[in-house]
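A short worksheet on the structure shown next.
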Amino acid sequence: MARQLSLIVPFWNEEAAIGHFVRSILPVLDGIADTDWEIVCVDDGSSDGTLRKLNGFCEVDRRFKVLELSRNFGKEAALTAGLDAATGDAVIIIDADLQDPPEIIPKMVQAWRDGAEVVLGKRIDRSSDSLFKRKTASWFYALHNRLAHIRIPENVGDFRLMDRCVVEALKRLPERQRFMKGLFAWVGFRTVSIDYVRKPRAAGMTKFSGYSLWNFALEGFTSFSSAPIRLWTYLGTAGALLSMFYALFIMLRTIIWGNPVPGYTSLFVAIIFFSSVQIISIGMLGEYIGRIYMETKQRPIYVLRRTY
């Protein structure tokens, strides 16, 4: 009996890449023996001709399913929508830019048939990415895995295969502020990885700016670790102890040598330093409170306009 495979592909202004993506992916899926498949395309509020092109493929091949979100909710929400709509025994997430090669999908399926419940695509060569992106990604993984209890595999993106039991576990997670790489790692299950070389984009431009990557990293830290906010407790304690020692030093110096007229430079620097620490700590506290605030609203993760 053939088993069902679902491919989840998020799209946001990827009109230029759609044709190349479909021409590359169809022979790969058709070449997997004893497997039926569907492609769940999630249009995340595109403003170009992405939706029109996707609907064209949907009309020709009924194995295409297109989810049109009411606006741009972000990639994490688009992935969640795809997971909710996918019906396959196994689900594969892949981007439309083809930096993650479809050619290793058959290897993923074989590893799944051999008993793996999660098959990760691991990038062993990221030379197609900029030096800045490679370095910041390396720093993020190192710092996150040092601070958080849940380790995220290094050089592993969203490209992965998941068994139906893994998908159902993910669907039970209720949070609205979603960091999918962390959620994938949190649910666990039997995991293997397949190495591959990351390619340049087939078409179009990356949608991640430095600012968005910074916010993405901040979401990862605050979603799976309380260490950033706990750090300020330690800094405050250390500052209080240093202040006490300094006060004791001033008192002893006054008793022994009297009270000379002091300068104001050290006082000014101390006030500015500790004021800055307080502002930063309030900002970090605000990051956590803001996430609590968004969770208590219980708004849906995405709004679906229509399914084609």
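Pairs from the list Lys107/Lys171; Lys107/Lys297; Lys122/Lys171; Lys65/Lys122 with a Cα-Cα gap above 32 Å: Lys107/Lys297.
Extension gain for Arg291 to Arg52 (0.36 nm times residue separation, less C-alpha to C-alpha distance): 82.5 nm.
In terms of the mean number of neighbouring beta-carbon atoms within 10 Å, the peptides 56-66, 24-34 order highest first as 56-66, 24-34. Take each peptide in 39-45, 49-55, count the other Cβ atoms within 10 Å of every residue, and average; sorted highest first, the result is 39-45, 49-55.
As an exercise, use a Förster radius of 51 Å and the Cβ-Cβ distance of Ser275 and Asp195 to find the FRET efficiency, rounded to the nearest 0.05. Using R0 = 51 Å, I get an efficiency of 0.55.
Cα centroid separation, the range 148-202 to the range 59-82: 19 Å. Each peptide among 85-91, 4-10 gets the average number of other Cβ atoms lying within 10 Å of its residues, and from highest to lowest they stand as 4-10, 85-91.
Between Glu168 and His149, full extension at 0.36 nm per residue minus the direct alpha carbon distance yields a gain of 4.6 nm.
Using 0.36 nm per residue and subtracting the Cα-Cα separation, the extra length available between Gln177 and Arg299 on full extension is 42.9 nm.
Here, each number is a calculation from the coordinates, and none is a lab measurement. Note that the structure is a prediction, hence the values are computed from the model and not measured. With ideal geometry, Cβ positions are generated from the backbone for all residues, glycine too; neighbour counts draw on all protein chains shown.
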